[in-house]
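First the structure, in the form of structure tokens, and then the observations on it.
The values are calculated or read from the model by the stated rules, or taken from the named source; none is laboratory data. Computed from a prediction, not measured in an experiment: that's the story for all the values here. Positions of Cβ are backbone-derived with ideal geometry, glycine not excepted, and every protein chain shown enters the neighbour counts.
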């Protein structure tokens with residue numbers, strides 16, 4: 001008499017799609033992804049990744065597109081993108097952390113501006129890091 005595998009609900013992993021289905025172990029791809037996220041990444045690669053991840057969201061691209069025309073208040077960005085104020089602020093935080101957007105306060109308003117030089121700086125940094133600098 002062997003030990004039967006436990007179900008997903010018995011192991012505390014939430015409800016399973018079918019009653020009595022067994023818990024499946026993670027796929028090899030999931031294991032590799034987890035290991036890769038734990039491995040310490042060089043800071044220069046992390047910086048490039050942060051820049052690209054900031055631009056990998058459609059809503060953040062819409063904010064950047066709007067700021068490419070002129071600076072805007074958070075309220076104007078809310079109207080343009082059609083998202084809630086907390087969500088627009090969260091997206092702006094990601095863009096600020098990547099060095100793409102700057103903000104300044106004037107009274108109760110927050111004025112957001114695009115840093116156009118951020119794109120050329122990122123391109124130069126990537127070329128140098130990848131060894132693609134023209135010689």
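Which count do you get for residues in region 100-120 that are surrounded by 13 or more Cβ atoms within 10 Å (Cβ to Cβ) and in a helix (DSSP H, G or I)?
Of the residues in that region, 2 qualify.
Can you find, within region 55-95, the residue that is surrounded by the fewest Cβ atoms within 10 Å (Cβ to Cβ) among those that are more than 22 Å from residue 123 (Cα to Cα) and in contact (Cβ under 8 Å) with a residue 40 or more places away in the chain?
Among residues in region 55-95 that are more than 22 Å from residue 123 (Cα to Cα) and in contact (Cβ under 8 Å) with a residue 40 or more places away in the chain, the one surrounded by the fewest Cβ atoms within 10 Å (Cβ to Cβ) is 71.
Which ones in region 83-99 are out of contact with any helix residue (DSSP H, G or I) (no Cβ under 9 Å at 6 or more places or on another chain) and either over 15 Å from residue 51 (Cβ atoms) or assigned to a strand (DSSP E or B) (or both)?
86, 90
Among the residues of region 45-67, is there at least one that is over 14 Å from the mean Cα position of the chain (by Cα) and modelled with pLDDT under 90?
Yes: one or more hits.
When residue 125 is evaluated against the numbered criteria (1) within 17 Å of the chain's Cα centre (by Cα); (2) surrounded by 14 or more Cβ atoms within 10 Å (Cβ to Cβ), which criterion, by number, is the only one it fails?
(1)
So, of the residues in region 121-135 that are in contact with a helix residue (DSSP H, G or I) (Cβ under 7 Å, 6 or more places away or on another chain) and either closer than 19 Å to residue 63 by Cβ or assigned to a loop (DSSP other than H, G, I, E, B) (or both), which turns out to be modelled with the lowest pLDDT?
Filtering region 121-135 for residues that are in contact with a helix residue (DSSP H, G or I) (Cβ under 7 Å, 6 or more places away or on another chain) and either closer than 19 Å to residue 63 by Cβ or assigned to a loop (DSSP other than H, G, I, E, B) (or both), the one modelled with the lowest pLDDT comes out as 133.
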